[in-house]
Structure formats: structure tokens, C-alpha cells
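Chemist: Could you have a look at this structure, given as C-alpha cells, before my questions?
The values are calculated or read from the model by the stated rules, or taken from the named source; none is laboratory data. No experiment lies behind these values; they were computed from the predicted model shown. Please note: Cβ atoms are built from the backbone with ideal geometry, for glycine as well, and neighbour counts cover all protein chains shown. Side chains included, ligands, DNA and RNA excluded: accessible areas come from the protein's heavy atoms. Shrake-Rupley method; radii C 1.70, N 1.55, O 1.52, S 1.80 Å.
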Amino acid sequence: MLSHDIIIRPIITEKAMEGIPQKKYTFEVAKTATKIDIAKAVEEVFEVKVKKVNTMHVRGQLRRQGRYEGYTRSWKKAIVTLTEDSKSIPFFEGMI
């Protein structure tokens with residue numbers, strides 16, 4: 001898998017933004033990606049050093065539209081912690 005196929009999009013929520021001062025960044029990643037794949041992809045794309053990767057599977061939620069109901073898609077979330085001597089990711093700098 002290519003690095004850009006592993007990292008799908010950044011997660012920009014209030015809770016995810018609280019981790020930026022501690023150099024914790026949140027991404028939606030491919031469901032089949034492992035922690036090692038995610039760490040290598042972040043290091044390659046953003047040119048930073050990764051200290052730790054935490055992953056979790058987010059289940060789809062039940063949603064209704066009138067009398068019809070269905071589930072949103074399930075996806076995988078990764079919280080990437082960078083080393084102290086690593087530079088920060090410039091994409092997130094304007095968000096704080």
C-alpha cells in the first residue's frame with residue numbers, strides 16, 4: 001500500500017485538537033493498515049519522527065431518514081504521537 005492510501009484524512013474535532021500541544025495527531029486510516037504501516041506512512045508524508053501509534057475501530061452508527069434507517073460506515077482511527085525533538089505537522093498549525 002502507498003502512504004497516501006493508508007492515511008485517508010485528518011480528523012479535525014475539538015477533542016482531536018486538544019492533543020496538538022502534546023504532539024498527538026488524529027487521522028482516519030485504511031482498515032487494513034497496521035500500526036507499523038501507519039507510522040511509516042506518517043513519517044514519509046509529513047517528514048516527522050513517530051514515537052507511538054494508537055488505533056481503534058469506530059463502529060457505524062444507526063441513522064434514520066424518515067421511516068428508513070441504516071448504518072453509517074465503520075472506519076479506523078489512529079492517534080499518532082510524535083517524538084519531542086520532531087517538528088510539528090504544518091497542516092494542523094493553523095487550527096489551534
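Chemist: I'm told Ala33 meets every condition in (1) in contact with a strand residue (DSSP E or B) (Cβ under 8 Å, 6 or more places away or on another chain); (2) open to solvent by 70 Å² or more (accessible area, probe 1.4 Å); (3) of a type in the set (A, V, I, L, M) except one. Can you identify the failing condition by its number?
Modeler: (2)
Chemist: Considering only segment 21-30, state which residues are open to solvent by less than 10 Å² (accessible area, probe 1.4 Å) and either of a type in the set (Gly, Ala, Ser) or farther than 15 Å from Lys77 by Cα (or both).
Modeler: None - no residue of segment 21-30 is open to solvent by less than 10 Å² (accessible area, probe 1.4 Å) and either of a type in the set (Gly, Ala, Ser) or farther than 15 Å from Lys77 by Cα (or both), so the list stays empty.
Chemist: Same structure, new question: Taking the condition of being outside any strand (DSSP E or B) and hydroxyl-bearing (Ser, Thr, Tyr), how many residues in segment 38-96 meet it?
Modeler: Qualifying residue count, segment 38-96: 5.
Chemist: Continuing with this model, one more query. Consider only pairs whose beta carbons are under 8 Å apart and that are at least six residues apart or on different chains; among these, list those whose first residue lies in segment 62-82 and is touching a residue at least 12 places away in the same chain (Cβ under 8 Å) and within 15 Å of Ala41 (Cα to Cα) and whose second residue is of a type in the set (S, T, N, Q) and open to solvent by 90 Å² or more (accessible area, probe 1.4 Å).
Modeler: Thr81/Gln22
Chemist: Gln61: open to solvent by 50 Å² or more (accessible area, probe 1.4 Å) and more than 20 Å from Ile11 (Cβ to Cβ), yes or no?
Modeler: Answer is no for this residue.
Chemist: Give me the residue from segment 64-92 that is among the aromatic types (Phe, Trp, Tyr) and at pLDDT 95 or above and, out of that set, surrounded by the most Cβ atoms within 10 Å (Cβ to Cβ).
Modeler: Filtering first and then ranking leaves Trp75.
Chemist: Mind listing just one residue for me: the one in segment 38-58 that is open to solvent by 70 Å² or more (accessible area, probe 1.4 Å) and in contact with a helix residue (DSSP H, G or I) (Cβ under 8 Å, 6 or more places away or on another chain) and, of those, farthest from Ser3 (Cα to Cα)?
Modeler: Among them, the one singled out is Lys49.
Chemist: What are the residue pairs meeting all of these: first residue in segment 1-17, first residue open to solvent by 70 Å² or more (accessible area, probe 1.4 Å), second residue at pLDDT 95 or above, Cβ atoms under 6 Å, and 6 or more apart or on different chains?
Modeler: Ile8/Glu28; Arg9/Glu28
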